[in-house]
Amino acid sequence: MCGITGKLYLDRERLIDFSTLQCMTDAIRHRGPDDEGFFVEKNVGLGFRRLSIIDLNTGHQPLSNHDGSVIIIFNGEIYNYQEQRELLLKKGYNFKTTTDTEVILHLYEEYGVDCLQYLRGMFSFAIWDRNRQQLFCARDRFGIKPFYYYLDKHQFVFGSEIKSVLCAGAIDKTISADAIDSYFAFGYITNNLSIYKNIKKLQPAHYLLLSFKNEISVRTERYWSVCFEPDYSISESHWEEEIDACFSEAVKLHMISDVPFGAFLSGGIDSSSVVAMMNRNSNAPVKTFSIGFRQNEFNELQYAKELADKYGCEYHEQIVEPESISLLPKLVHAYDEPFGDSSVIPTYYVSKMAREFVTVVLTGDGGDELFAGYNIYGYFNKINSSPFNFSNPYLNEKIWGNLHRLLPQHGRGKYASYFLSRNKKYFPAYLFIWNINERKRLIKYRGNNTVSGLTPEQYKIQLLKQGNIPDFISNLQFLDIQTYLADDILTKVDRASMMNSLEVRVPMLDHKFAELSFKIPSEYKLNRKEKKYIFKKAMRPLLPWNILNHSKQGFGAPLSSWFKEDLGSYVRDTLLSQNPLLSNYLDHNYIRRMFDTKNNQFNDGGSRVWSLLFFEEWLKQNRQ
């Protein structure tokens, strides 16, 4: 795992300042504390920070081919690199290292941009092709590894994190109204947006080409798509066998490492299954790392310990306390932009604990999206099949939204929005923090700098219309894979782990395993009331009964309890002070009224308060 960055002047006669490139690279030192490297040639500069995982002695980057005409910087891991290396050797390619980086380099020489079809792994990389005068950048299929870029009439700048891009100098820091709207809608920033209007994300499964041949051009293209094509000809028992075999292979590939590795173990089905498969493919006890809370409804340590005992794991655990809120400034610095998922707190602490023992961990992220594991899927499915599901979105919102709000706090989490279509063409059903009417009152920063012309809700609807998904549950999965997984879950894990110089691997998102799951009919995923039905059946021989059958708890922090008790005064002092910075962007009187209302409008599990606290701290650290 590493950090990459680069700067290219569009004027080919303008020279790169090495000190600027050094600053950009230093900004992401935490992503790679073991080594650094640079390539500078006239208007092109590439920077690299390395966390040594594979080929510890000869893995220095930037890495060039035999004649120096192609240069690569790469962040990630390619799990089938040994197989591809053998094929390239047969084609006559010579290797000077045993790294996966050099495999990508020669695949590019052989296939050009189509090299992406041969990569099985997580990655973001940039290749400078001297002969073609072309920069080729790419991001993995699910967006496990990040890639941000900035383009104006003078320069193209990119980096693994926004902080690196900002170090390039002469960066327009205009804040994006679209991004603020998205953040307060969902707690994360969707689409290709970042908090800065002119800094973009390269989206998952996309590549970017910057060409200097003839005239300068920049284009992005999608190279892989999430495609649900259920195969009803295969029996349930055969699906179980396929899941077991393919998942075992994926986990085994993800265990390739020249440094110590372990696993995050939450006590849920996905992380427990990963550990079980690691045990199957290892001769040594698996090192596991678990986080818990004093509040029982957020604590799964008993299940994590049960699984660890079953397989004789080297088990480590830690309890997170309310004082963890002091971590907020550090988290804001790590994420570079507002981020509303409070599970960054336990994710940071489990990463910090793991790094004391290992350099690499495997995690169970992605399982809920692939096998319909979220509690809300069952809830939405009931609404969709209900005779009271109206074609009028407003009625659905009024009826089902009000019923949702009557559920106990710990049972519902964030508020939900329903726009369910009877015509089976699209089913935009999703969670939000602040609904669209609330945001109209909350957000006063509009300006004239909206780009997309779409509300965050409309963006998700547009995605679903383009997806051509065959059924309701698959629509929910598709939407979460394209948005929540990439922009929340994977972003959260990447930043929290890399703060601690820890590599996290996600075997559930091996694209071969994911493509297998896309072929499984949704009836086998959500079977009446049972979520992850077919995956649970496949894992039944490996997991204890308690893990397979206890209620899903999720991986979050007990914010509501903390904010009401231990941190109540902290919240009020921060958000209700006379001149909080957020009052430049939000209606402070509206926030005060919500605090002062008899029923307390912030009684939502803490997600709204967290969104405001994070935004206020981000503004403190990024004063314009």
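For the residues N449, N468, N423, the requirement of being in contact with a helix residue (DSSP H, G or I) (Cβ under 6 Å, 6 or more places away or on another chain) and either buried (at least 21 other Cβ atoms within 10 Å of the Cβ) or modelled with pLDDT under 95 (or both) singles out N449.
Against the conditions (1) in contact with a Leu (Cβ under 6 Å, 6 or more places away or on another chain); (2) surrounded by 20 or more Cβ atoms within 10 Å (Cβ to Cβ), where does V218 fall short? Just the number, please. Status for V218: all satisfied but (2). For the stretch 337-344, the condition of being in contact with an Asp or Glu (Cβ under 7 Å, 6 or more places away or on another chain) and either without any contact (Cβ under 8 Å) to a residue 60 or more places away in the chain or of a type in the set (F, W, Y) (or both) holds for none of the residues. Within the stretch 341-365, being crowded, with 24+ Cβ neighbours inside 10 Å, among the small types (G, A, S) and either at positive phi or outside any helix (DSSP H, G or I) (or both) holds for one residue alone: S342. Going by what's in this entry, would Y118 be described as of a type in the set (F, W, Y), farther than 28 Å from I433 by Cβ and either surrounded by fewer than 23 Cβ atoms within 10 Å (Cβ to Cβ) or not assigned by TED's automatic domain parsing to the domain that holds S342 (or both)? For Y118, the condition - of a type in the set (F, W, Y), farther than 28 Å from I433 by Cβ and either surrounded by fewer than 23 Cβ atoms within 10 Å (Cβ to Cβ) or not assigned by TED's automatic domain parsing to the domain that holds S342 (or both) - is met. Just one of the numbered conditions (1) surrounded by 24 or more Cβ atoms within 10 Å (Cβ to Cβ); (2) touching a strand residue (DSSP E or B) at 6+ places or on another chain (Cβ under 6 Å); (3) aromatic (F, W, Y) is not true of F261; which one? For F261, the exception is condition (1). In the stretch 81-108, the qualifying residues are those that are part of a helix (DSSP H, G or I), among the charged types (D, E, K, R) and without any contact (Cβ under 8 Å) to a residue 24 or more places away in the chain, and the one that is surrounded by the most Cβ atoms within 10 Å (Cβ to Cβ) is R85. With Q477, Q462 as the choices, which residue is outside the structural domain of F293 (by TED's automatic domain parsing), under 30 Å from I195 (Cα atoms) and either at pLDDT 90 or above or among the β-branched types (V, I, T) (or both)? Checking each option against the conditions leaves just Q477.
Q84 meets each of the listed conditions (1) more than 28 Å from the chain's Cα centre (by Cα); (2) modelled with pLDDT of 95 or more; (3) polar (S, T, N, Q) apart from (1). Yes or no: R505 among the basic types (K, R) and closer than 20 Å to I189 by Cβ? It is false that R505 is among the basic types (K, R) and closer than 20 Å to I189 by Cβ. Of the residues making up the stretch 506-559, those that are at pLDDT below 90 and of a type in the set (K, R) number 3.
The values are calculated or read from the model by the stated rules, or taken from the named source; none is laboratory data. Keep in mind it's a predicted model, so treat the numbers as computed, not measured. Don't worry about glycine lacking a Cβ; one is built from the backbone with ideal geometry, like all the others, and counts go over all protein chains shown.
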